[in-house]
1. Of the residues Phe135, Phe154, Phe175, only one is over 19 Å from Arg43 (Cβ atoms), aromatic (Phe, Trp, Tyr) and touching a Phe, Trp or Tyr at 6+ places or on another chain (Cβ under 9 Å); which?
2. Identify the residue in the range 219-259 that is aliphatic (A, V, I, L, M) and modelled with pLDDT under 95 and, among all such residues, is nearest to Ile208 (Cα to Cα).
3. Exactly one of these conditions fails for Glu15: (1) acidic (Asp, Glu); (2) part of a helix (DSSP H, G or I); (3) in contact with a strand residue (DSSP E or B) (Cβ under 7 Å, 6 or more places away or on another chain). Give me its number.
4. State yes or no: is Leu216 at pLDDT 95 or above, in contact with a Pro (Cβ under 9 Å, 6 or more places away or on another chain) and not in a helix (DSSP H, G or I)?
5. Run Ala206 past the list (1) in contact (Cβ under 8 Å) with a residue 60 or more places away in the chain; (2) in contact with a strand residue (DSSP E or B) (Cβ under 7 Å, 6 or more places away or on another chain); (3) more than 25 Å from Leu266 (Cα to Cα) and report the number of the one that doesn't hold.
6. Could you grab the pairs with beta carbons closer than 6 Å, sequence gap of 6+ or different chains, first residue in the range 30-42 and closer than 10 Å to Leu7 by Cβ, second one assigned to a loop (DSSP other than H, G, I, E, B) and of a type outside the set (Gly, Ala, Ser)?
7. Kindly indicate whether Gly219 is under 15 Å from the mean Cα position of the chain (by Cα) and at positive phi.
8. Looking at (1) surrounded by 14 or more Cβ atoms within 10 Å (Cβ to Cβ); (2) assigned to a loop (DSSP other than H, G, I, E, B), find the lone condition where Arg197 falls short.
Amino acid sequence: MTRKLKLLFILDPLEGLKAYKDSSVAMMRAAASRGHEVWSVQRAGLAWRDGVVLGTGCVPLEVFEDDAAWYRAGPARALPLAAFDAVMMRQDPPFDFEYVTATWLLEDAMQAGVRVFNNPRAIRDHSEKLAITEFTQFMATSLVARDAADINAFIDELGDVILKPLDGMGGSQIFRVRKDDPNRNVIIETLTGNGARTIMAQRYLAQIADGDKRVLIIGGEVVPFALARIPQAGETRGNLAAGGRGVAMALTAREREIAEYLAPILWQRGLLIVGLDVIGGHLTEINVTSPTCMVEIAAQQGFDVAGLVIDKLEQACAS
């Protein structure tokens, strides 16, 4: 029989979470259904004192299935992270200096024996946009640069490209730029801050019409269904935050090939939950901060992704 665990989730403010679709809520519900203790803390509550990393404002949660009233919080306490069997870092970006500071504190806690997922060093080392450059065999033609001449040359060469910042999320500031676009210079100036910021340019993939596929890898195991985020008519971005429609479907052979190749590599680095973005059989991003789409896959295909996360957590805590 699996022993009962005490789990701490580092989250955005609870009252702002959309329980009907939030993957972190789904994980907390899955954990609570097995009798595990569920606690939450905000990133701002992480602190260090006399060699101990603690969470100020840790609150125990009762978790319910009612999306309108999905939790009841107990009294807040300051507790060392070592008081928990595992800590789940589920804070959404932006990946700013405060986020980096949190990874340093969590890494310090790990050195004292605390289990933290995703591994904070791996989160810090994996830029969600740039991490794909390690796996060029799966990428579309891409450029990482900040010089306008280089970016313009790339657009001239390919004729139709996507430009995006390296720190964006949810489809924010993603532009499709054609060779004859009269706004291309101002778009480049805006995204690069007149050459002060590096951006990514990628060949436009017409298969986006069939969906920007989110492929989940949980503890080195590939979830057999992807969520295809299909853009609205006249829209380039499939992100759900940008109005895309989510349709869960079985992985293609190519998607499984990519995911099975990356799965053991990323799990060895301590990345328990990974969300690959794949368009037309090309890897476009590796999401490691707080990957989502678990609820949609479970609802449409019956595959309990959140339950698989808790399975892997139980296994990790038993080892």
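The values are calculated or read from the model by the stated rules, or taken from the named source; none is laboratory data. Quick caveat, the model's predicted, so the values are computed rather than measured. Positions of Cβ are backbone-derived with ideal geometry, glycine not excepted, and every protein chain shown enters the neighbour counts.
1. Among Phe135, Phe154, Phe175, only Phe135 is over 19 Å from Arg43 (Cβ atoms), aromatic (Phe, Trp, Tyr) and touching a Phe, Trp or Tyr at 6+ places or on another chain (Cβ under 9 Å).
2. Step by step, filter the range 219-259, then rank; the result is Ile230.
3. The number of the failed condition is (3).
4. Taking the combined requirement at face value, the residue satisfies it.
5. Failed condition: (2).
6. His36/Lys4; His36/Leu5
7. Against the criterion (under 15 Å from the mean Cα position of the chain (by Cα) and at positive phi), Gly219 qualifies.
8. Of everything listed in (1) surrounded by 14 or more Cβ atoms within 10 Å (Cβ to Cβ); (2) assigned to a loop (DSSP other than H, G, I, E, B), Arg197 misses just condition (1).
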